[in-house]
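*Asks:* Could you have a look at this structure, given as structure tokens, before my questions?
The values are calculated or read from the model by the stated rules, or taken from the named source; none is laboratory data. Computed from a predicted model, the values in this text were never measured in an experiment. No Cβ is skipped: glycine too gets one built from the backbone with ideal geometry, and neighbour counts run over all protein chains shown.
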Amino acid sequence: MEKFKPFEKKIWLSSPTMHGDEQKWVNDAFEKNWITTAGENINELEKQVADYAGVKYAVALSCGTAALHLSVKLAGEKLYGQAKPNQGTLQGHRVFCSDMTFDATVNPVAYEDGEAVFIDTEPDTWNMCPKALEKAFELYPDVKLVVVAHLYGIPGKIDEIRAVCEKHGALIVEDAAESFGATYKGKQTGGFGDYAAISFNGNKIITGSSGGMFLTDSKDDADKVRKWSTQSREAAPWYQHEEIGYNYRMSNIIAGVVRGQMPYLDEHIAQKKAIYERYKEGFKGLPVTMNPFDANTSVPNYWLSCMLIDRDAMCEQVRGENKPLYVREAGKTCPTEILETLAKYNAEGRPIWKPMHMQPIYRMNPFITANGNGRGQSNAYIDRGAVCDVGADLFERGLCLPSDNKMTPEEQDVIIEIIRSCFE
């Protein structure tokens, strides 16, 4: 007999949570016929987000990736000048990037014809390792741009990373797509980089179904991004274009949805925190830990609750390019078994982000660890026995847990028991 029954209604990893105010502002756009990439919803949302994030300017864009792309493009232009025709602003230049992240963090470097150099993760927050970053500057002293992400809503070691960047005269693009509402020493993430991006994708802490925001304290930079995002139209009575532009502006409809979500951001964060703490309490006695953060400096937004299995509690697990395999062993488990078991009972989990240096598309890019090894200028693998590859280890042993803020405590109790059963 089955110990558990499948959930009648699927428990999602993280799905949109709507409140009704969103429809009000969408209807407002319809009634005023602002069904375009301009309107009151966009104007008001930009003000609200800038105020919340503690920056002077916010530019509403079609997605977080668009915000990252224009951040990287802007940084490249600042550092290296305007691009030649059919050439990105980073042509021939390397950029240091977070290794453990979604590929949207690093793809804009390729869009602008640069080369991403991946910086290993540190175990304290699962974010970019400042020691590895310093090693990277020793290997590549000419690099002048760093793209850093805050993983799963937990701020990285911002002071240490900024100190390294300032020492080497490098600009920072801050990917706060997952961390909107999280703070470091009382300041919102998205306010530490020279440029920053946040996301309103359907699974984020608040959503518009899509959408993103570029953040800056520079009016000139905000105006530049706003121009680029509307096909770089010049101030002429006809369509005049003197540089490459993009169709990246946010829809006034999407802005209405996000505008209706903004009053509930803190409520969503509180709900996500409660989920994290229930998991932490429910897993007591198991050989696991939750995704960590420094409580002395950071207040996460707890977007996704994640779990890391102790090394000696891992059963054998092998992952190919598309399919995983594992060998069941009493008293032990692995992310693959837990995720398959959750799916069996109609609950959604997910593997930890596969590090960028392990992705087929980026396998030839340099990768730097805290001891300076990894993949260096020769693009050849160093003996893994001598490399502290934190990101690969987290990917091997970690998983993202169902973190939907509409999940009831009773449903979460069942999920906890399902996971505990995998260790039997």
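*Asks:* With respect to Y239, is the statement that it is of a type in the set (F, W, Y) and assigned to a helix (DSSP H, G or I) true?
*Replies:* no
*Asks:* Ok, one more. Go through (1) surrounded by fewer than 24 Cβ atoms within 10 Å (Cβ to Cβ); (2) assigned to a helix (DSSP H, G or I); (3) touching a strand residue (DSSP E or B) at 6+ places or on another chain (Cβ under 9 Å) one by one and return the number of the condition V55 breaks.
*Replies:* Every listed condition holds for V55 apart from (2).
*Asks:* Could you list all residues from the stretch 81-97 that are in a loop (DSSP other than H, G, I, E, B) and either β-branched (V, I, T) or within 24 Å of the chain's Cα centre (by Cα) (or both)?
*Replies:* Correct list: G88, T89, L90, H93.
*Asks:* Filter the stretch 1-40 for residues that are within 20 Å of V225 (Cα to Cα), surrounded by 14 or more Cβ atoms within 10 Å (Cβ to Cβ) and either in contact with a Ser or Thr (Cβ under 9 Å, 6 or more places away or on another chain) or of a type in the set (G, A, S) (or both) and give the result.
*Replies:* T37, A38, G39 - these are the residues of the stretch 1-40 that are within 20 Å of V225 (Cα to Cα), surrounded by 14 or more Cβ atoms within 10 Å (Cβ to Cβ) and either in contact with a Ser or Thr (Cβ under 9 Å, 6 or more places away or on another chain) or of a type in the set (G, A, S) (or both).
*Asks:* Another question, if that's okay. Would you please list the contacts, defined by Cβ atoms under 9 Å and residues six or more apart or on different chains, that run from a residue in the stretch 61-87 that is closer than 15 Å to E174 by Cβ to a residue that is among the basic types (K, R) and surrounded by 24 or more Cβ atoms within 10 Å (Cβ to Cβ)?
*Replies:* Going by the 9 Å Cβ cut-off, the qualifying pairs are G64/K204.
*Asks:* I'm trying to understand the selection: among the residues of the stretch 18-46, which are of a type outside the set (A, V, I, L, M, F, W, C) and either touching a strand residue (DSSP E or B) at 6+ places or on another chain (Cβ under 8 Å) or farther than 20 Å from M213 by Cα (or both)?
*Replies:* H19, G20, D21, Q23, K24, N27, D28, E31, K32, N33, T37, E46
*Asks:* Looking at the stretch 305-318 only, could you name the residues that are crowded, with 20+ Cβ neighbours inside 10 Å and assigned to a strand (DSSP E or B)?
*Replies:* C306, M307, L308, I309, listed by residue number.
*Asks:* S210 is checked against (1) surrounded by 24 or more Cβ atoms within 10 Å (Cβ to Cβ); (2) out of contact with any Asp or Glu (no Cβ under 9 Å at 6 or more places or on another chain) and fails just one. What number does that condition carry?
*Replies:* Unmet for S210, out of (1) surrounded by 24 or more Cβ atoms within 10 Å (Cβ to Cβ); (2) out of contact with any Asp or Glu (no Cβ under 9 Å at 6 or more places or on another chain): (1).
*Asks:* If you don't mind, another one. Starting from the stretch 321-335, take each residue that is in the same structural domain as P360 (by TED's automatic domain parsing) and list its partners that are among the aromatic types (F, W, Y), counting only C-beta distances under 8 angstrom and pairs at least six apart or across chains.
*Replies:* Taking only residues 6 or more apart or on different chains, the pairs are G331/F423; K332/F423; T333/F423; C334/Y326.
*Asks:* Now for a separate question. What's the number of the condition L68 fails, among (1) of a type in the set (A, V, I, L, M, F, W, C); (2) touching a strand residue (DSSP E or B) at 6+ places or on another chain (Cβ under 7 Å); (3) outside any helix (DSSP H, G or I)?
*Replies:* The single condition L68 does not satisfy is (3).
Yes/no per residue for (1) modelled with pLDDT of 95 or more; (2) surrounded by fewer than 17 Cβ atoms within 10 Å (Cβ to Cβ); (3) assigned to a loop (DSSP other than H, G, I, E, B); (4) aromatic (F, W, Y):
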position: P292; (1), (2), (3), (4): yes, yes, yes, no
position: A295; (1), (2), (3), (4): yes, yes, yes, no
position: W303; (1), (2), (3), (4): yes, no, yes, yes
position: N322; (1), (2), (3), (4): no, yes, yes, no
position: I338; (1), (2), (3), (4): yes, no, no, no
position: A343; (1), (2), (3), (4): yes, yes, no, no
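*Asks:* Before we move on, is T37 touching a residue at least 24 places away in the same chain (Cβ under 8 Å) and farther than 30 Å from D220 by Cα?
*Replies:* No.
*Asks:* From the residues in the stretch 177-206 that are over 14 Å from the mean Cα position of the chain (by Cα) and of a type in the set (S, T, N, Q), which one is farthest from L79 (Cα to Cα)?
*Replies:* Among residues in the stretch 177-206 that are over 14 Å from the mean Cα position of the chain (by Cα) and of a type in the set (S, T, N, Q), the one farthest from L79 (Cα to Cα) is T183.
*Asks:* Could you tell me which numbered condition Y239 fails, if it satisfies all but one of (1) among the hydroxyl-bearing types (S, T, Y); (2) farther than 30 Å from C422 by Cα; (3) surrounded by 15 or more Cβ atoms within 10 Å (Cβ to Cβ)?
*Replies:* It fails just one condition, (3).
*Asks:* Next question. Can you spot a residue in the stretch 1-19 that is of a type in the set (G, A, S) and in the same structural domain as A197 (by TED's automatic domain parsing)?
*Replies:* no
*Asks:* For the subset of the stretch 231-281 comprising residues that are outside the structural domain of S199 (by TED's automatic domain parsing) and in contact with a strand residue (DSSP E or B) (Cβ under 7 Å, 6 or more places away or on another chain), which member is nearest to A83 (Cα to Cα)?
*Replies:* Y276
*Asks:* Please go through the stretch 273-290 and pick out each residue that is part of a loop (DSSP other than H, G, I, E, B) and either closer than 22 Å to G186 by Cβ or of a type outside the set (K, R) (or both).
*Replies:* Correct list: F283, G285, L286, P287.
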